[in-house]
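Below is one structure, written out as structure tokens; the observations come after it.
The values are calculated or read from the model by the stated rules, or taken from the named source; none is laboratory data. Quick caveat: nothing in here was measured; it's all calculated off a predicted structure. Backbone-built Cβ (ideal geometry, glycine too); neighbour counts: all protein chains shown. Surface accessibility is based on the protein's heavy atoms, side chains included, excluding ligands, DNA and RNA. Shrake-Rupley method; radii C 1.70, N 1.55, O 1.52, S 1.80 Å.
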Amino acid sequence: MPEFPPVKRREIAAWCAYDFANASFTVVIVTVVFSVYFTKIICGGRADADWYWSLAGFFSQMAVVLLSPFLGVLADLRACKKRALLACYLLCVAFTLCLSRFGPGDIAAAMICFIFANVAFSLGENFNSSFLPELAKPHEIGRISGYGWGMGYVGGLANLGLCFPLLQGGFTLANQANLQHTSVLTALFFLFTGWPVFLILRERAVPKPVAPGELWRAGAGRIAQTVRLLGSDRRLRTFFSAFFLYSCGVATIIAFAAIYAEKEIGFGGQQLILFFLLLQISASAGAFLFGILQDRWGSIPTLRLTLVIWIVVVAGAALTHTVTMFYVVGNLAGLAIGSVQSASRAVVALLAPEDRHAEYFGFWGLFGKLAAGFGPLVYGLISYLTHSSRLALMGPLAFFLLGGWLVGKVKLDPRQAP
């Protein structure tokens with residue numbers, strides 16, 4: 001086994017820089033701007049617009065579900081996590097640029113382009129996260145994971161600020177060109193802020209001695225072995241079940257928060273940007289704060305606390321009718337969202353064996369992306385059947401309640417905690 005030099009602070013900073021960069025896609029494309037642009041301009045405000053948006057998310061995440069565990073195994077065997085990350089990064093930038101080409105009536109084309117962009121983004125997120133166990137010692141994982149998520153929200157905040165002037169005209173046909181330019185800005189922001197990880201971060205994994213003809217067979221065998229492990233390891237099975245459930249809730253809020261605010265609360269374009277600017281600040285603060293608390297309390301107790309906050313958030317959003325109260329509920333969600341994602345990533349890093357990091361994070365991606373497809377689909381279906389966005393919130397509320405109950409049953413080995 002070759003000896004690698006100790007991890008340097010600049011490597012951790014470069015790793016966090018990728019979270020800073022890729023948050024631009026999540027915030028502007030998935031959550032704040034393109035989601036509303038798709039439902040209101042591309043779909044023309046149709047009654048089934050929420051359903052189409054949820055389908056685009058569902059199909060993209062199902063593709064990730066099929067690809068992520070196998071690609072994770074291959075990345076471990078070939079020690080090519082950084083090269084795989086680079087490919088995902090460039091593809092996401094390219095398809096995000098293409099999103100700027102679509103206008104009223106381009107429903108199918110916009111959905112297909114978004115699906116490709118979201119698949120590339122999601123796979124890249126998995127590969128970047130799989131470096132965490134190589135960068136942090138067990139007692140540092142919560143804090144460094146929190147740094148990454150915190151920097152992500154700072155990046156989202158920066159990109160939202162750049163997009164703010166373009167939403168002055170609101171989500172109207174007269175402002176269509178400016179709304180399309182937000183996709184261009186997002187692609188360029190991602191491109192010019194994500195590069196440090198490829199220049200600075202070291203690939204510490206060692207390629208396994210597998211012949212090219214045996215690579216796919218070995219990969220399939222490793223996946224089968226991990227599937228058996230999920231079946232036999234109650235702790236791992238319980239955590240990933242809980243993770244799937246509460247991730248359904250988080251994914252639903254991310255996918256429909258701006259759409260709900262515009263439709264039910266009456267937010268305009270710049271109001272949405274201001275709202276999510278404040279939310280990014282609270283989310284960044286929550287990621288940093290709860291990252292530190294994870295190392296003191298442990299990741300599982302931190303997860304339980306944040307899920308209680310999420311239950312309060314969803315119930316509050318369903319009962320809120322004023323802009324002021326929605327600001328309160330939204331910023332409470334901001335505190336919780338960074339923490340729940342950071343703590344989840346830390347638990348996976350603690351559970352993953354040393355030589356199977358990418359594989360376990362591939363399964364983390366599998367359950368997370370399955371949730372990202374399934375949760376919004378449930379919301380979209382309830383909204384379509386009941387014609388009520390408020391009733392559709394019962395979906396994420398149930399996911400958080402069940403996920404929180406299961407998290408309470410996960411016990412980490414004292415040698416792994418926090």
Among the candidates Phe116, Phe121, Phe127, Phe131, single out the residue that is open to solvent by 30 Å² or more (accessible area, probe 1.4 Å) and either under 20 Å from Cys92 (Cβ atoms) or among the acidic types (Asp, Glu) (or both).
Phe116
Quick one: which of Ala349, Ala371, Ala333 is touching a residue at least 12 places away in the same chain (Cβ under 8 Å), in a helix (DSSP H, G or I), closer than 30 Å to Ala63 by Cα and in contact with a Leu (Cβ under 6 Å, 6 or more places away or on another chain)?
Ala349
Residues satisfying the stated conditions in the range 177-197, i.e. open to solvent by less than 40 Å² (accessible area, probe 1.4 Å) and outside any loop (DSSP other than H, G, I, E, B):
Leu179, Gln180, Thr182, Ser183, Thr186, Ala187, Phe189, Phe190, Thr193, Pro196, Val197
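A quick yes/no check of all residues on (1) open to solvent by 50 Å² or more (accessible area, probe 1.4 Å); (2) free of Cβ contacts under 8 Å to residues at least 60 places away in the same chain; (3) closer than 30 Å to Gly334 by Cβ:
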| residue | (1), (2), (3) |
| --- | --- |
| Lys8 | yes, yes, no |
| Val27 | no, no, yes |
| Val30 | no, no, yes |
| Ala49 | no, yes, yes |
| Leu71 | yes, no, no |
| Leu77 | no, no, no |
Name the residue, out of Ala13, Ala109, Ala84, Ala63, that is open to solvent by 40 Å² or more (accessible area, probe 1.4 Å), touching a residue at least 12 places away in the same chain (Cβ under 8 Å) and either small (Gly, Ala, Ser) or more than 22 Å from Arg345 (Cβ to Cβ) (or both).
Ala13
Inspect the range 92-101 for any residue being under 15 Å from the mean Cα position of the chain (by Cα) and either touching a residue at least 60 places away in the same chain (Cβ under 8 Å) or under 14 Å from Thr186 (Cα atoms) (or both) and give the result as yes or no.
yes
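Do we find a residue being modelled with pLDDT of 75 or more and either under 18 Å from the mean Cα position of the chain (by Cα) or under 30 Å from Asp50 (Cβ atoms) (or both) anywhere in the range 287-298?
Yes, the conditions are met somewhere in the range 287-298.
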Collect the residues in the range 285-299 that are surrounded by fewer than 23 Cβ atoms within 10 Å (Cβ to Cβ) and part of a helix (DSSP H, G or I), keeping them in residue-number order.
Ala285, Phe288, Leu289, Ile292, Leu293, Asp295, Arg296, Trp297
Residue in the range 266-281 that is farther than 25 Å from Ala392 by Cβ, over 22 Å from the mean Cα position of the chain (by Cα) and either part of a helix (DSSP H, G or I) or aliphatic (A, V, I, L, M) (or both) present:
yes
